[in-house]
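To start, the structure itself, in structure tokens.
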Amino acid sequence: VSKKLKKIAQVYMEQIMEKAFRLTDVCGEIVQKIELADGNNSWVDVVGSRKRIYITPSPGASENIKYEVEGIDNSSRKISYNVLQGAMLQFYKTFKVTFEVTAASTAKWTIEYEKLDPSNKDPDVYTGLLNTVNNNVNTYIRYGGEV
């Protein structure tokens, strides 16, 4: 999932890494709540930090997902998250999400997963959610908001 950014790419990256708590305001139709997990006391993403996010993947449905920052590469503006708990782990052995702001000022989310059963569906619902997050955050920043 990718989105061409209308404003400075580094601002987008900083907002995702340092102010995720504001996603409830910017993406309220998806992100119901986000909180620090497992004793973390800072919103700034560092390797090993954990958060729990409560989402609405579809009307009438809700999920809570605990994730951990797996890696950060500031030079390539990339951060990866590993899902530790969540409904998707009923279908996938591993579930990793990477966020990157490319040199072409595009916000790009990549999902890597391994199915528990080959007949399980691809995680298209989460791809759609990340596309909505990209659109909402980009619009918010473009009109002068700070995520």
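Read the figures in this text as sums done on the coordinates, not as results from a lab. Please read all numbers here as calculations on a predicted model, not as lab measurements. Cβ: placed from backbone, ideal geometry, glycine included. Neighbour counts: every protein chain shown.
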Q: State, to one decimal in nm, how far the label point of residue 54 lies from the label point of residue 41, with both points 7 Å from Cα in the Cβ direction.
A: 2.4
Q. Helix 124-142: angle to the longest alpha-carbon principal axis of the chain, degrees 0 to 90, nearest 10?
A. 20
Q. What is the helix-to-structure angle for 9-18, meaning the angle in degrees between its Cα long axis and the longest Cα principal axis of the chain, kept from 0 to 90 and rounded to the nearest 10?
A. 50
Q) Once every DSSP H run of n ≥ 4 in the chain is given -39500 (n - 2.57) and the sum is divided by its residues, what mean residue ellipticity at 222 nm do you get, rounded to the nearest 500 deg cm²/dmol? A) -7000 deg cm²/dmol
**Q.** Option label - semi-axes √(5λ) of the Cα gyration tensor in Å computed here, alternatives [x] 33, 16, 15; [y] 23, 17, 16; [z] 34, 23, 11
**A.** [y]
(Q) If I take R0 = 41 Å and measure r between the Cβ atoms of residue 32 and residue 121 in this structure, what FRET efficiency does the formula 1/(1 + (r/R0)^6) give, to the nearest 0.05? (A) 0.95
